[in-house]
Each structure stands twice: as structure tokens, then as C-alpha cells.
1. Would you be able to say whether some residue in region 267-278 is closer than 30 Å to Pro221 by Cβ, modelled with pLDDT of 80 or more and not aliphatic (A, V, I, L, M)?
2. When Ala211 is evaluated against the numbered criteria (1) surrounded by 12 or more Cβ atoms within 10 Å (Cβ to Cβ); (2) over 19 Å from the mean Cα position of the chain (by Cα), which criterion, by number, is the only one it fails?
3. Of the residues that sit in region 347-382 and are among the small types (Gly, Ala, Ser) and free of Cβ contacts under 8 Å to residues at least 40 places away in the same chain, which one is nearest to Ser412 (Cα to Cα)?
4. So, in region 407-440, of the ones that are touching an Asp or Glu at 6+ places or on another chain (Cβ under 8 Å) and of a type in the set (A, V, I, L, M), which residue ends up nearest to Gly471 (Cα to Cα)?
5. Cβ-Cβ distance below 8 Å, separation of 6 or more or different chains: which pairs start in region 298-321 with a residue that is free of Cβ contacts under 8 Å to residues at least 12 places away in the same chain and open to solvent by less than 40 Å² (accessible area, probe 1.4 Å) and end on one that is of a type in the set (A, V, I, L, M, F, W, C) and assigned to a helix (DSSP H, G or I)?
6. For region 61-99, enumerate the residues that are open to solvent by 70 Å² or more (accessible area, probe 1.4 Å) and within 25 Å of Thr167 (Cα to Cα).
7. Considering region 126-155 alone, what residues qualify as being of a type in the set (A, V, I, L, M, F, W, C), surrounded by 14 or more Cβ atoms within 10 Å (Cβ to Cβ), assigned to a helix (DSSP H, G or I) and modelled with pLDDT under 80?
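The values are calculated or read from the model by the stated rules, or taken from the named source; none is laboratory data. Every value quoted in this text rests on a predicted model; they were computed, and no experiment measured them. Here the Cβ positions follow ideal geometry from the backbone for every residue, glycine too, while neighbour counts run over all protein chains shown. What goes into the accessible areas is simple: the full protein's heavy atoms, side chains included, and nothing from ligands, DNA or RNA. Shrake-Rupley method; radii C 1.70, N 1.55, O 1.52, S 1.80 Å.
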Amino acid sequence: MKISTDVSSPEQTRRKTGSRYKPKSFLSWILMGFFIVGLPLIGALIYSAVRIDQLSEQSRNNIYQATQITNGISVIIGEIMAMERSVQHALVLDDASLLEGYFLAHTKFENITNHLAAISTRPEQQLPLEKMRLLELSLFREMLSLKEHPQELQYLLERFAMLLSLTQEFSTNSFHIIEQNVGSMDEIATQTRSLVEWELLTLVPLVIFLALSLSVFIARPVRQIDEAIAQMGRGDLTQSIRVNGPQNLVYIGERLNWLRQRLLKLESQKIQFFRHISHELKTPLTAIREGADLLAEGVTGELNQKQQLIAGILHTGSMQLQRRIEDLLNFSALQAEIITLVKQHVNLKQIIHSVIQAQNLSVLSKNLKIRLDCPELSLKCDKQKLDIIFDNLLSNAIKFSPAGSLIEIVASYNSDNVQIDVQDAGPGVDSIDGNQIFEPFYQGRNTPSESSVRGTGLGLAIAKEYAIAHGGNIELIQEAGKHGAHFRLTLPLNHSESIT
């Protein structure tokens with residue numbers, strides 16, 4: 001695996017990315033998103049408000065016009081009748097002074113018709129109103145000429161009936177126009193209501209779509225940061241971290257990428273240290289083992305009982321130390337992703353038997369019983385790595401089993417895979433340790449107090465990685481109400497066959 005050790009500072013990385021404009025803060029993105037989502041709604045509200053205001057203004061004008069015309073027609077009719085009464089009184093009593101009521105009614109008539117002319121804009125209203133004003137004006141002029149001869153006013157009475165007829169025509173036309181305006185208002189109200197409904201049907205899905213799209217777009221840099229942290233937490237330091245978004249989140253992404261490069265460099269140094277120190281320890285360890293074996297064999301002379309005991313302790317200690325060093329070497333290879341499988345056909349039952357025999361001294365020292373139930377199976381796998389897997393599982397079970405207890409190893413298979421269950425009668429795995437038991441260097445809480453040599457915490461981690469490399473897995477089976485640790489090894493049977 002090629003490891004990059006170029007650890008650039010975040011400031012250098014930012015200069016390399018160019019000077020493309022990005023929002024300075026995540027808050028500006030959120031505000032921009034709110035603005036984009038709210039803009040169609042604001043536009044629709046403004047347009048609806050304008051239409052409703054126009055409708056309201058037209059309604060006020062129609063009501064005002066109808067009220068003024070109604071009052072004006074009532075006043076005109078009253079003044080025409082007052083003028084007619086004054087002329088009749090003057091004619092009957094032959095008294096010109098009684099015409100003063102006529103002249104007062106004429107002034108009021110003239111004022112109200114001028115006012116109606118100002119608010120009547122349609123030709124259908126203006127024409128009868130203008131006829132009415134001209135007729136009343138001619139009547140007024142003749143009245144002035146005959147003011148001193150009231151008995152000659154008889155022929156003018158017929159014109160008052162004509163004035164009333166023109167007033168009725170003006171009233172009919174005006175109310176017809178008002179009805180048209182009301183109908184037009186109803187049509188505009190219907191159109192406005194339809195427009196609002198159309199806006200709701202169109203804008204609500206659009207706003208929801210924009211909100212969802214912007215939520216995804218805004219959440220993308222946060223998701224990228226979360227994925228980067230999870231990636232680093234899993235120990236995957238090979239992929240570069242890049243965050244797209246506002247400048248402050250881009251800067252956080254650059255800091256995470258800088259941290260990733262630092263961790264990658266430290267990981268490389270750690271692996272190199274493990275490799276070197278393990279190889280350095282193997283040379284003196286070999287000398288210690290060979291010296292202990294020579295002493296035990298009596299090459300330098302016969303040993304008494306105490307000396308043989310010491311030689312045995314040296315031999316056992318050197319074997320334990322060798323296993324720890326091999327664990328470190330295997331873990332170093334795993335960290336460097338150097339897992340090569342040399343596959344061959346092996347007998348599963350024979351491999352398990354050989355591992356049990358290798359652990360025989362530990363089994364006898366604790367007076368343990370091992371029950372093996374395994375069919376005859378031929379697996380195509382890496383024998384050395386499969387030995388390491390079973391050795392770690394069995395040594396773990398022996399270590400945690402109380403004296404005189406039973407260890408069960410049960411194998412079964414189907415058309416797809418083989419399943420090997422290793423179960424002891426020890427204290428089991430604490431529920432808090434369940435998710436971390438396969439992590440390197442992790443040691444559970446239920447470590448036996450009588451154990452004189454603590455493990456490295458690498459056995460299960462290495463065994464799981466080797467099982468995964470074979471296309472299988474190792475998992476901890478936790479069953480309520482059952483004591484002991486239960487590990488299940490699963491291996492594929494793609495290249496295997498049963499032995500008959």
C-alpha cells in the first residue's frame with residue numbers, strides 16, 4: 001500500500017483550491033435557502049394583495065356611486081315636485097310671491113344635477129341627465145319672463161312631468177350600470193379566487209420541492225463532514241477528505257484532511273515500529289529458546305528437579321513471548337493490508353484436532369474437557385491462517401474457562417457455508433464489551449484474576465480479519481440466560497466438498 005506523507009497545512013490547501021467564490025458561513029446558506037423558498041410565496045401574496053386591493057377599491061367606488069345616485073335622484077324628484085307645487089300655488093292664487101319656493105328648489109336642483117354629472121361617467125347616464133338639466137334651465141328662463149304674470153304659467157306644468165320622466169330614465173340607466181359593475185366585481189372576485197387556488201396548487205408543491213432540494217443541498221457539506229469523521233473512525237485514512245459548501249465548512253474539511261494526513265503518517269510510523277521491534281525481538285528470543293531447550297535436554301549436564309523446573313519455565317515463557325511477537329507481526333501485516341492467502345485443500349477436523357493437541361498442556365493444567373462435534377469436511381483455505389484463527393479462539397476459551405469445565409466445539413454446514421461454534425463455561429463477555437471485543441488491543445472486563453500473563457488484545461482482531469479475508473466472519477453470540485462466551489466462525493463452502 002502506497003502511503004502519502006505530504007502533510008500540507010490547511011492554509012496551503014486553501015490556496016491550492018483557487019479563489020472561487022463561496023458563501024462565508026453556513027448561516028448565509030440557510031438564509032439564502034429561506035429566501036429562495038419564500039420568494040414564490042411572497043410574490044404570490046403581493047400579487048393577491050394587489051388584486052384584492054383593486055377589487056376593494058372598485059367595490060368602494062360602486063357603493064359610493066350607488067349611494068350618491070340614489071340620494072341625488074331622491075333629492076331631484078323632491079325638488080321637481082316642490083317646483084311644480086310652487087307654480088300651481090302661484091297659478092291658483094294669482095300671487096307671484098309664491099314662486100320663491102320654485103327658485104329655491106331650482107337652486108337645489110342645479111346643485112344636485114351638477115354633482116351627479118361629476119360622478120356619472122357613462123354615456124347612458126350623461127345623456128338623460130343633460131336633457132334634464134337643459135329642460136329645467138329652459139323652464140327656469142320662461143319662469144323668469146312670466147314671473148309678473150302668474151296666470152300664464154299653466155302651459156309650463158306639463159314640462160314637470162317630462163322632467164320626472166327624464167329623472168326616471170336617468171335612474172334606470174344608472175342602476176343598470178351599477179348592476180353591471182356589481183356583476184363585473186363578481187367576475188373579478190371569481191377570477192381572483194381561481195387565481196389564488198391555482199397559486200396554492202402550483203406554489204405549494206413548488207415550495208415543498210424547493211425546500212427538499214435546498215435541504216439536501218445545504219445538508220450535503222454536513223453529511224460530507226459526518227462521513228469523513230466516520231471514515232477516520234473506521235481507520236480508513238487512504239481517501240482524501242473534501243467538503244463542498246460555504247467557506248467555514250470547507251475550512252473544517254481542510255482541517256479534517258490535514259488531520260487524516262497526520263494520522264496516516266503516524267500510522268505508517270507505528271506499523272514500521274511494530275515490524276522493526278518484532279524482528280529485533282525474534283533474534284534474542286530464538287537464543288533464549290534454544291538455550292532453554294539445551295538445558296532441558298541435559299546437553300550441559302544432568303539437571304536436578306529444581307533446575308528442570310526453571311528450564312521448563314524458561315521454555316514456556318519463551319513460547320508465550322514468541323506468540324506475542326507473532327501476534328504483533330500479524331497485526332502489522334493487517335494494518336499494512338498485506339494479507340495473502342495460500343489456499344489448499346485441508347481437512348477441517350484434522351486442523352481442529354491439531355490445534356487442540358497444541359493446547360493440550362493448558363487443557364490438562366486446568367483439567368478441562370473438550371467436546372468436538374465436527375463432520376469430515378475438506379476446505380480450500382490458507383491452512384496457516386486457519387490454524388491461527390482456531391488457535392486464538394481455543395486459547396481464548398481455555399483462558400476464561402474455570403477449572404474442570406467443558407469447552408464445546410461444534411461444526412455444521414449447508415450448501416453455502418460451514419459454521420463452527422466455540423463455547424466455554426467462563427464468565428462470558430460483558431455486554432459493554434460486545435461491540436469492542438474485536439478491536440485491536442482491547443481487553444474485556446471479565447479477565448480472570450488468576451491469569452498471570454495478560455494477552456495483547458490482538459488475537460480476536462487478527463482472527464476476525466483472517467476470517468473476513470477468507471470471505472467469512474467471526475461474531476459474538478450473546479444469548480440471554482446462558483453463561484460463557486460463544487463465538488461463531490463462518491467460512492464459505494464455494495470451494496469445498498464433503499468427504500464421504
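1. no
2. (2)
3. Only one residue tops the list, namely Ser354.
4. Among those residues, the one meeting the criterion is Ala411.
5. Leu303/Leu295; Leu303/Ala296; Leu303/Ala311
6. Asn61, Ile63, Tyr64, Asn71, Ser74, Met81, Arg85, Gln88, His89
7. If the condition is that a residue be of a type in the set (A, V, I, L, M, F, W, C), surrounded by 14 or more Cβ atoms within 10 Å (Cβ to Cβ), assigned to a helix (DSSP H, G or I) and modelled with pLDDT under 80, then Met143 is the only one that fits.
Residues checked against (1) surrounded by fewer than 19 Cβ atoms within 10 Å (Cβ to Cβ); (2) in contact with a helix residue (DSSP H, G or I) (Cβ under 7 Å, 6 or more places away or on another chain); (3) more than 23 Å from Met319 (Cα to Cα):
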site: Ile352; (1), (2), (3): no, yes, no
site: Val355; (1), (2), (3): no, yes, no
site: Ser365; (1), (2), (3): yes, no, no
site: Leu368; (1), (2), (3): no, yes, no
site: Ser378; (1), (2), (3): yes, no, yes
site: Gln384; (1), (2), (3): yes, no, no
site: Asn392; (1), (2), (3): no, yes, no
site: Gly404; (1), (2), (3): yes, no, yes
